[in-house]
Structures are given as structure tokens and as C-alpha cells.
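Down below is the structure, laid out as C-alpha cells.
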Amino acid sequence: MLDELYDKLDKMTPKERMAWYSRGMYVKTLKYTQEIDNTIYIVRTNFNENSTSTVYDTVKRITSKNE
């Protein structure tokens, strides 16, 4: 089974090989946990690959709402 996979990958161009590896990958979300006054806060993040805004833009927009 592994030999067949190695043969398949060996016949691919570098670009095809990277595309094959990329299909098997997943984006791992970031997770941050913090305890404050006996309350545990868990923050998870998700990223949209098609977004046109940066993280900086998003943080700036969120913080400016609180002013």
C-alpha cells in the first residue's frame, strides 16, 4: 500500500504533489484558555481564506466599537 502511494507521488510534478498534500491538510484553529476570577474563558479563532481584511483591520474595527 505504501509502495503504491510512493509510486503515485513520484510520478507527480512538484506542483501536483503540493496540491495533493494540501488537500490532506486542515487548518488548525487557534484556541486560548484563560481563567479569571474562577471563570474559564475559551477563545477559538477561525480564518476565512477568501477574506480581504487583515487581522489588524479586524482588531482595529472591534476595538473602535468600544470607544
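Points to keep in mind about this one:
- Unmet criterion (only one of (1) outside any loop (DSSP other than H, G, I, E, B); (2) open to solvent by 70 Å² or more (accessible area, probe 1.4 Å)) for residue 46: (1)
- For segment 10-39, filtered to residues that are modelled with pLDDT under 90 and among the hydrophobic types (A, V, I, L, M, F, W, C), the residue that is surrounded by the most Cβ atoms within 10 Å (Cβ to Cβ) is 20.
The values are calculated or read from the model by the stated rules, or taken from the named source; none is laboratory data. What you see is a predicted model, and the numbers here were worked out from it, not measured in a lab. Virtual Cβ from ideal backbone geometry, glycine too; neighbours counted across all protein chains shown. Areas reflect the complete protein model, heavy atoms only, side chains present, ligands, DNA and RNA absent. Shrake-Rupley method; radii C 1.70, N 1.55, O 1.52, S 1.80 Å.
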